[in-house]
Structures are given as structure tokens and as C-alpha cells.
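Student: Submitted below is the structure of interest, expressed as C-alpha cells.
Bear in mind these aren't lab numbers, they're just calculated from the coordinates by the rules spelled out. Nothing here was measured: the structure is a model prediction, and the numbers come from that model. No Cβ is skipped: glycine too gets one built from the backbone with ideal geometry, and neighbour counts run over all protein chains shown.
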Amino acid sequence: MAQDGSARDRIDTGRAHSARVYDYILGGKDHYPVDAEAGDAMVAALPSLPVTMRQNRLFMQRVTRYLAKEAGIRQFLDIGTGLPTSPNLHEVAQRERPDASVVYVDNDPIVLAHAQALLTSSRQGRTAYVDADIRRPETLLESEAFQELLDLKEPVGLTIIAMLHFLQIPEGYALVRRLLEPLPPGSCLAIATGTADFAPPEAARKMVAEYESRGIPMVARNRDQVAAFFDGLELVEPGLTQVHRWRPTEEQKSVDDREVAMYGAVGRKP
């Protein structure tokens, strides 16, 4: 992509970044030594962190499949996309609905540098990548990709996976409401976000401290705080639960709840 050069110029290889730490812990290759050091420290604090991250990834796939196949949604807005890891959201959606359109949004330069992998759409569908910060939602809402790919007369699947725990509590709720505001009835919000409700308290505290010591803000919300994101929405069964308990496969039914530090849910806009 023409954007790759400028994107790589923005990458700070001397400071850990949440997307690259996530990539390292999941066994990816798009990270730097500083991210590996941070990942090792975080896993040392909370040894179940890799389990949480893998279950979060599987949750994204099941949620996307539900939205495309059962809810009949054919257009998606994915906030905080992260590094491309197949299957990406558009691959899951377009298996069910080949005509699905997906707008990916992230402001991490390393994600931008790899964004071409997010644009391998099916022949019938469309994908686009917007380099924007959720903290400036107007930049996204006014972007050419948002306006051209998403028909706001039809429902949209708004997915915010493993990103809201990097936003402070008042800020996160306001931003989610702003993103939902222009979406029509029948649209759905799907989120997954970190919690300390299930991990040993001291381990959770140390893990959050490891993030924050590297300049990565981290908020581990409790159940009520996560539920507040869905105020005014109709929760889809099974409601708000740990990510591995949301419509689990047989294999996931055996996952230990104590090893999954993330809530997930889907809500429908009436």
C-alpha cells in the first residue's frame, strides 16, 4: 500500500504497544523485543493471559458468524482491529454472506502497515481500512470509507473487541454511544473487554500494573461496568458472560472460568 512507508515511520520500536504485545503472546511474528519483554512480564503476572486472548479471538469469530448468519447483518464496523490474523472478521462474515461489507478502524501504525491483509475481500463484498482514533469518532464517521461502504438505512454490526479496556471509564461509554448514534434500528453492538472478576485479585492487579508501567492504560471493568455499555440495547442470548461462555463450542465448555479474564456480549439496537 502507498501508506506503508509513512506508517512504518510512525512505529515506535522502543516502547511496547498493546497490539504487538497481543501478537507476541498469541505466537505471532509482528512485534519487537520490547513487546516480547512486556508480554513475558504480563504472562508472569497472570499466567492465564494467553488463554484469555485465544478465547477472545474465538469469541470474535462466533459473534461475527452469528451476526452474518443468524442476525442477517451484511455490513460491519470493526473498531480497534489489531494486527491481521486469519481468519479476519471479513473472512468470517463473507463465508456466511459473500456480499458483506467491512470497515476496519485502527490508529496503530503497524496495523496500517499490514492493512493490505484486511482488504482481501470476496468478489461480491467490500472491505476498507480507516486510519482513525476512536477518541476522535468524527474522523471515522466523516471518512470516505464509512460513508461509501455502510448504508445507514440498513443494520450495521459494530464490533469493539479487546479494545475498551484501554479507555477510561467515562470516556469509553461516551464513545460507544457516539458510534451507535448514527446506526439504524436492528444494528448490533458486540464487545469483548477485560475484567478482574475471575482471576486471583493480586494476579489481576499485577497484570494491570505491567500494562500501565509501559504507558498502556488498562481498566479491568467489573460485570456491572461492562453491562453499562449495553444500556438501551436488547441483549442477545446468552446475554453478558465470559467470552468462552457466549454460545460455546463443545471444546470451549471445558475451559476453566478462572482462566478467562474477559466479558463479552451482543446487544441489538431497538
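Student: Say each of Glu70 and Glu202 gets a label point 7 Å from the Cα, pointing the same way as Cα to Cβ; how far apart are those two points in nm?
Tutor: Placing both labels 7 Å beyond Cα along the Cβ direction yields 4.1 nm.
Student: Turning to a different aspect of this structure: Pull out the extension gain between Asp231 and Lys29, defined as 0.36 nm times the separation in residues minus the alpha carbon to alpha carbon distance; nm, one decimal. Present the calculation step by step, with values, prior to reporting the outcome.
Tutor: Working: separation 202, 0.36 × 202 = 72.72 nm, distance 3.85 nm.
Separation in residues times 0.36 nm, less the Cα-Cα distance, equals 68.9 nm.
Student: At what distance in angstrom do the alpha carbon centres of the stretch 109-186 and the stretch 227-259 lie from each other?
Tutor: Using only Cα atoms, the two centres lie 23 Å from each other.
Student: Anything over 32 Å Cα to Cα? Flag those among Lys153/Lys253; Lys29/Lys269; Lys69/Lys206; Lys206/Lys253, in the order listed. Write out the running numbers ahead of the final one.
Tutor: Details: Lys153/Lys253 38 Å; Lys29/Lys269 38 Å; Lys69/Lys206 40 Å; Lys206/Lys253 28 Å.
Distance filter (> 32 Å) returns Lys153/Lys253; Lys29/Lys269; Lys69/Lys206.
Student: Which of Pro50, Pro201, Pro98 moves most in a GNM of the chain, Cα contacts under 10 Å?
Tutor: Pro201
Student: Hey, can you grab everything whose amide H is under 5 Å from the amide H of Thr241? Only 5+ residues off in sequence or another chain; H modelled, so Pro and N-termini drop out.
Tutor: So Thr241 has HN proximity to Gly264.
Student: Can you give the longest run of the chain that contains no trypsin sites (Lys or Arg not before Pro) sitting in a DSSP loop with at most 15 other Cβ atoms inside 10 Å?
Tutor: Result for the longest clean stretch: 154-270.
Student: Dipole size in debye (nearest 20) for the stretch 45-149 around its Cα centre, Lys and Arg Cβ +1, Asp and Glu Cβ -1?
Tutor: Using Cβ point charges on Lys, Arg, Asp and Glu, the stretch 45-149 gives about 580 debye.
Student: Using a Förster radius of 30 Å, what is the FRET efficiency between Thr13 and Lys153 based on their Cβ-Cβ separation? Nearest 0.05, please.
Tutor: Taking R0 as 30 Å, the efficiency between Thr13 and Lys153 is 0.10.
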